[in-house]
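A short reminder: the numbers here are calculations on the coordinates, not readings from a lab. Bear in mind the structure is a predicted one, so any value in this text is a computation, not a measurement. Cβ atoms come from the backbone with ideal geometry, glycine included; neighbour counts cover every protein chain shown.
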Amino acid sequence: MTPQVINISHWQLAIGLLFILGAGLMSVLHSLRLERDLIIGTVRTFVQLFALGYLLNIIFSLDRIWWVLILFLFMIFFAAWTIRGRIREKQVAFFFPIFVSMLLSYFLVSYLVTAVLVGAKPWWQPQYFIPLSGMVIGNSMNAIAVSLERFMGEIKKQRYEIETMLCLGANYKEASHAMVQSAIRAGMIPSINSMMAVGLVFIPGMMTGQILAGADPLVAIRYQIVVMVMLVGSTAIGSFMVVYLVRKRCFGPACQLLLRPMKSLQTVTQLSGVRKHEN
């Protein structure tokens, strides 16, 4: 198969905006109030992707390991910041555990894939390391957010059971073991479901991109298999690390549970305000 990429002109991109126009029209007709989000999302899509394209051209031309690692760190930082914004829980500081767990797990997985499975030389070769690590970060970021949200929710939901076990002599690891299992399982299920449906329900992005670029479908399949197992591994490692690191911050030195229901916090705040007013 002769590699041949069909270029998309600016006019063709403009025609593609008709889909956004149709979505906006539906939002107006049904009073969904999504027009502003559609406009912002469309503008950000164009700006961010074109900026990324120019940046990748510069990094590819420089071909230096430091620029590749700086971009990798930036993607990790932004992903951790995005997860921090999505989690409603604010009683426990969890940005640093998220950043550390993502940095270690994603770098390990990306290195093994590019250096061992793909065999890129050097292992940080930009056209391999950046796209593969980007897929790891983008897909596993959602898994970590789901795991963390589930863990926080389960801790609050079963706080009385946890405190009862702590009073009976259990340590914080034993008291929260079931919540950890539930959280990691919730984070891993989407990637496992994707493995079940790949090739039958949908053709994944990595394989689609290579086929559109003119690659042999059998070669594209091998790359896609590597991507699928890579995502499952990064999801498992990332979810495991972040849940275990955050769990430790949910308990005090004496194994007391630090998380409190929001209603309880509001009640305490209101009582404090009343007492100050009385004084």
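For a test of the definition: using alpha carbon positions, the gyration tensor, and the 1.5 limit on a/c, classify segment 10-62 as rounded, prolate or oblate. Taking the square roots of the gyration eigenvalues as a ≥ b ≥ c, segment 10-62 is oblate. Between THR164 and LEU108, residue separation times 0.36 nm minus the direct Cα-Cα distance comes to 16.3 nm. The value obtained for the chain, namely the Cα convex hull volume divided by the number of residues, is 212 Å³ per residue.
Note on the chain: with charges restricted to the Cβ of Lys and Arg (+1) and Asp and Glu (-1), its dipole about the Cα centre is near 820 debye. Between segment 141-169 and segment 227-259, the alpha-carbon centres lie 11 Å apart. Label-to-label distance for LEU56 and LEU18 is 2.7 nm, based on points extended 7 Å past Cα in the beta-carbon direction. Between 0 and 90 degrees, the angle of helix 217-249 with respect to the longest Cα principal axis of the chain falls at about 20 degrees. Considering only trypsin sites (Lys or Arg not before Pro) in DSSP loops that have at most 14 other Cβ atoms within 10 Å, the longest stretch of the chain without any of them is 91-279. If I model a spin label at LEU29 and GLN127 as a point 7 Å from the Cα along the Cα→Cβ vector, what separation in nanometres do I get? The answer from the label model is 4.6 nm.
Full extension of the segment from PHE202 to GLN91, taken as 0.36 nm per residue of separation minus the current Cα-Cα distance, would add 35.9 nm.
Here's how it looks for PHE251: its modeled amide H is under 5 Å from those of LEU258, which are all 5 or more places away or on a different chain. Placing dummy labels 7 Å off each Cα toward the beta-carbon, the span from ALA254 to TRP11 is 7.6 nm. Counting lysine pairs in the chain that sit 8 or more residues apart in sequence, or on different chains, and whose Cα atoms lie under 14 Å apart gives 5.
Angle, helix 126-157 long axis vs. longest principal axis of the chain, Cα atoms, 0 to 90°, nearest 10? For 126-157 against the chain, the angle is about 20 degrees.
Taking 0.36 nm per residue of sequence separation and removing the Cα-Cα distance, the ASN193/GLN48 pair yields an extension gain of 49.2 nm.
Report the one residue of ALA143, PHE107, ALA170 whose Cα lies farthest in the direction of the positive end of the charge dipole of segment 64-265 (charges on C-beta: Lys and Arg +1, Asp and Glu -1; origin at the Cα centre). Of the options given, the answer is ALA170. Taking the chain as the reference, fit the longest principal axis to its C-alpha atoms, fit the long axis of helix 10-29 to the helix C-alpha atoms, and give the angle between the two in degrees, 0 to 90, nearest 10. So the inclination is approximately 40 degrees.
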